[in-house]
1. Name the pairs whose Cβ atoms lie under 6 Å apart, with the first residue in the stretch 615-629 and within 16 Å of Val585 (Cβ to Cβ), the second of a type in the set (Ser, Thr, Tyr), and 6 or more positions between them or separate chains?
2. Just checking, which of Ala352, Ala365 is farther than 27 Å from Lys451 by Cα and crowded, with 17+ Cβ neighbours inside 10 Å?
3. Going through the stretch 382-408 one residue at a time, which ones are in a strand (DSSP E or B), among the acidic types (Asp, Glu) and open to solvent by less than 20 Å² (accessible area, probe 1.4 Å)?
4. Just checking, does the stretch 241-258 include any residue being assigned to a helix (DSSP H, G or I) and at pLDDT 95 or above?
5. Taking into account only those residues within the stretch 570-596 that are open to solvent by less than 50 Å² (accessible area, probe 1.4 Å) and assigned to a loop (DSSP other than H, G, I, E, B), which is nearest to Pro84 (Cα to Cα)?
6. Restricting to the stretch 346-381, count the residues that are within 34 Å of the chain's Cα centre (by Cα), assigned to a loop (DSSP other than H, G, I, E, B) and of a type outside the set (D, E, K, R).
7. Scan the stretch 31-50 and report the pairs whose first residue is under 10 Å from Ser70 (Cβ atoms) and whose second residue is among the hydrophobic types (A, V, I, L, M, F, W, C) and assigned to a loop (DSSP other than H, G, I, E, B), with Cβ atoms within less than 8 Å and a gap of 6+ or a chain change.
8. When the stretch 267-303 is examined, which residues are found to be open to solvent by 30 Å² or more (accessible area, probe 1.4 Å) and either closer than 27 Å to Val381 by Cβ or acidic (Asp, Glu) (or both)?
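The values are calculated or read from the model by the stated rules, or taken from the named source; none is laboratory data. Just so it is clear, the structure is predicted and the values come from calculations on it, not from any experiment. Cβ atoms come from the backbone with ideal geometry, glycine included; neighbour counts cover every protein chain shown. The area values use the complete protein model at the heavy-atom level, side chains included, leaving out ligands, DNA and RNA. Shrake-Rupley method; radii C 1.70, N 1.55, O 1.52, S 1.80 Å.
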Amino acid sequence: MKVSHYKLLIPTLTVLASMFAFSCKPGKAGSSVDADAAQKVYVAPGKYDEVYAFLSGGFSGQIAAYGIPSGRLLKVIPVFSQNPENGYGYSEETKPMLNTSHGFVPWDDSHHPELSKTNGEDDGRWLFINGNNTPRIARVDLATFRTVEILELPNIGGNHASPFCTENTEYVVGNTRFSEPLDNSKGDVPIDSYKQNFKGAVSFVKVDKDNGAMNLAFQLIVPPFNYDLAHAGKGPSHDWIFFTCYNTEEAHTLLEVNASQRDKDFVMAVNWKKAEELIKEGKGTKIVAKYAHNVYNENSHTATSTIETATQTLDVTKFPGLVYYMPCPKSPHGVDVTPDGLSIVASGKLAAVIPVFSFNKMLDAIDKKQFDGMVDGNLPVLKYESVLRGEVKKPGLGPLHTEFDDKGYAYTTMFVSSEVVKWKIDNLEIIDRIPSYYSPGHLSIVGGDSKKPYGKYLLALNKITKDRYLPTGPELAQACQLIDITGNKMKLLLDFPTIGEPHYAQMILADKILKNQVKFYKLEDNKNAYVTKSEKDTKVVRNGNRVDVYMTAIRSHLAPDNIEGIKIGDEVYIHVTNLEQDWDVPHGFAIKGANNAELLIMPGETCSLKWVPGQVGIVPFYCTDFCSALHQEMQGYFRVSPAGSNTPLKFSIGVNPVTQ
Ligand code: K7E
Ligand code: CUA
C-alpha cells in the first residue's frame with residue numbers, strides 16, 4: 001500500500017496542484033503543536049491511559065496495542081507472523097494457527113483491525129483483522145489479547161476490503177482485491193482471459209454471538225473489479241454493506257495507467273440481509289473450495305487446523321436486488337458510513353471532491369429505477385445525481401479515509417496534500433485543516449466508525465516518516481500522530497513511531513476492555529494433552545525415537561532439571577507447564593541449539609517445544625524470563641548420547657550428581 005499509493009498519487013500532484021490555492025507541503029511542526037500538548041498526553045507513572053489503540057502492523061502481520069494519550073506501546077499481539085518472543089507459531093500448540101490450504105504460511109500483511117460491535121457500538125469483546133496476502137481473517141480475544149481463530153478465505157486474492165463488521169457483528173465481511181478465477185475452475189488460463197475467467201467474491205463470515213466462533217457462511221460472486229475498502233450500514237442502513245471498487249476497466253496489467261481510465265468507478269452497495277435470506281431458502285450453490293480453519297482452544301491452550309472443502313455461493317447476476325453500483329469519482333479508496341447510518345462517504349484517490357451519498361436517495365433511486373446502465377448485463381448502476389447528497393468541495397489532494405466525532409463532524413485524511421480535513425456532516429462545509437507528517441493513510445477516532453463516536457482523540461496514521469525522529473538508516477519506522485479534536489480547531493499533541501505499517505487502527509475506551517482481563521489461567525482447568533499439574537507428576541517417556549518430557553516451572557526451578565538417555569536421532573518434545581497461579585509470573589524455556597524459538601509460558605498454561613538434538617554432549621536449558629531473585633538459577637541439562645548407545649533414560653531434580 002505504501003508503495004502503491006505513493007507511486008500512484010505523486011504524479012497526479014502536478015496535475016491537481018494547480019487546482020488548489022494552498023501549499024501541498026505541510027508547514028513546520030512546531031507551529032501547530034498546542035501549548036499545553038505535553039500536559040494533555042502526560043499519563044503519570046502508575047496511571048492508566050484512557051484509551052486502547054489497536055494499530056495494524058501492516059507488513060509485520062501483527063497488531064500493536066498502544067495506550068492513548070501517552071502513545072506508550074503496551075503489547076505486540078502476534079497474529080499472522082511467527083513471534084519468537086513468545087513462541088507463537090513455533091510452539092506445537094500454536095503452529096496450527098498459521099496453517100493454510102498452501103501449508104504453513106508464517107507471515108502476512110495485515111491492514112484493518114476491526115472491533116466487534118453490538119448495536120453499532122464497540123463492545124470490547126473481539127478484534128478482527130485481515131491477512132491481505134494469503135487471504136485470512138483472524139480474531140483476537142480481548143480478554144487475553146491472544147489470536148484465537150484464523151479463517152482462510154477461498155476464491156479470492158488479496159483480502160483487502162476486510163474485515164468489516166455488520167452492526168451486531170452478525171458477519172465480518174471481506175472482499176477480493178485481486179480478482180482471480182474461482183478455485184473450482186482453477187485453471188491454467190491465459191492472464192488476458194481476465195474478463196471471461198476472473199471473478200470477485202465477497203465473503204460473509206458468520207460470527208457466533210456468544211463465543212465469537214467464525215464460519216464462512218456464503219460468498220457472493222461479483223464482477224472482477226478490484227474491491228478496496230468496505231463499511232457496513234447502521235441504523236436505517238443496517239441491511240447493507242458498501243464497498244469501493246476500482247479497476248472497473250478490468251485491466252490485468254499496468255493498473256497504474258489502465259485502471260485509471262474511467263472518470264468514475266463505483267461504490268458497490270450489497271443488501272446482505274437479502275443474500276442471507278436467499279441462502280436460508282437454499283438458493284445457494286455449493287462449490288468446491290479448499291481453506292483452512294484454525295481454532296485455538298483456551299482450555300487446552302492448543303490450536304487445531306481443519307481444512308474445509310466447500311462453500312455456498314450466490315452469483316449476484318442471477319439474483320436481482322442484491323447489488324447496486326453508485327458511480328464514484330476516480331479510483332475510490334475509503335468508504336465510510338456516518339454514525340446515523342444515512343450518509344456514505346467515499347474518497348476517490350484521484351478525485352478533487354469527496355462525494356457524500358444519501359442512503360435514502362439510494363433506496364429511492366432503486367425504487368424509481370434511476371439507472372445509468374448496467375454492469376455485467378443486469379447489475380444496475382444508479383445515476384450519480386440521483387444518489388448524491390452533495391460533495392465536499394476542495395477538500396485537498398488525495399482523500400483516503402474518513403471517521404466521525406460525537407459532535408457532527410467528519411475528518412478525512414488527504415494523502416497527497418498531507419493533512420487532515422475537518423468538515424461538517426450536515427452542510428459538507430470545511431471547518432478546519434491540520435498538516436500531518438507525512439502523507440496519512442487511515443485515521444482513527446475513538447469509536448469513530450461506530451454509531452456512537454466518543455471523539456476526543458484522532459490518530460493520523462502516516463505513511464512517510466522522513467525527518468520526524470532520530471534517523472535509523474535507510475529504513476525508517478512508520479509513524480502516527482495524536483490530534484486533539486475536542487475544540488473547533490484540531491491540535492497536534494504527539495508523534496510516535498509504530499511497529500510495521502499502521503494502515504488502520506481502532507480506538508476504544510479502556511474501561512470496555514479492562515473489566516474482562518484474564519490475569520492467569522486456572523491450572524485446574526488446563527486441558528492440554530501434555531499438562532503436568534504437580535512437580536511429582538513430572539516424567540520423561542520414550543516411544544520409539546520420540547521422547548516426551550513432562551516438565552514443570554515454578555519459582556525458581558524447572559523440573560526435572562537433569563535428563564539423560566536422549567540419543568541422536570530422537571525427536572524430543574518438551575512440554576512445560578507453568579505451575580504459578582498469580583498475575584504476571586510467566587516462565588520462559590529455551591534450549592541450546594534448538595532450531596526453534598523459546599517458549600513463554602503463562603501461569604497455568606502448558607506449552608510444547610520440539611527439539612531435534614544434533615550433537616552429542618551436554619545441552620543446557622534455562623528460563624528466559626527474569627522471574628525471581630533466583631531466576632539465574634532456573635536452569636538444567638540434557639545429556640545427548642550417540643545414536644544406538646545404551647545410556648538409560650533418567651530424569652531427576654535435587655540429586656546432585658557430584659555427591660552420588
Ligand atoms: Cu487505505 Cu490497506 Cu486500508 Cu493502507 S489501506 S491506507
Ligand atoms: Cu522462571 Cu526465570
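1. Ser628/Ser556
2. Details: Ala365 fails: farther than 27 Å from Lys451 by Cα.
Answer to the check: Ala352.
3. Taking the stretch 382-408 and keeping what is in a strand (DSSP E or B), we get 382, 388-393, 399-404.
Those still in the list that are among the acidic types (Asp, Glu) too: 391, 403.
Across the stretch 382-408, the qualifying residue is only Glu403.
4. Kept after step one, since they are assigned to a helix (DSSP H, G or I), are these residues of the stretch 241-258: 255-258.
Keeping just the survivors that are at pLDDT 95 or above gives none.
No, the conditions are met nowhere in the stretch 241-258.
5. At the first step, the residues of the stretch 570-596 found to be open to solvent by less than 50 Å² (accessible area, probe 1.4 Å) are 570, 572-580, 585-591, 594, 596.
Now restrict to residues that are assigned to a loop (DSSP other than H, G, I, E, B): 570, 579-580, 585-586, 594, 596.
Values: Asp570: 24, Leu579: 22, Glu580: 22, Val585: 19, Pro586: 15, Ala594: 12, Asn596: 8 Å.
Ranking the qualifying residues of the stretch 570-596, first place goes to Asn596.
6. The first filter runs over the stretch 346-381 and keeps only residues within 34 Å of the chain's Cα centre (by Cα), leaving 346-363, 375-376, 379-381.
Narrowing further to those that are assigned to a loop (DSSP other than H, G, I, E, B): 349-352, 376.
Checking the rest, the ones that are also of a type outside the set (D, E, K, R) come to 350-352.
Within the stretch 346-381, residues that are within 34 Å of the chain's Cα centre (by Cα), assigned to a loop (DSSP other than H, G, I, E, B) and of a type outside the set (D, E, K, R) number 3.
7. That search, which allows pairs on different chains as well, returns Tyr48/Ala510; Asp49/Val43; Asp49/Ala510; Glu50/Ala510.
8. Listed by number, the residues that qualify are Lys273, Lys274, Glu277, Ile279, Glu281, Lys283, Thr285, Glu298.
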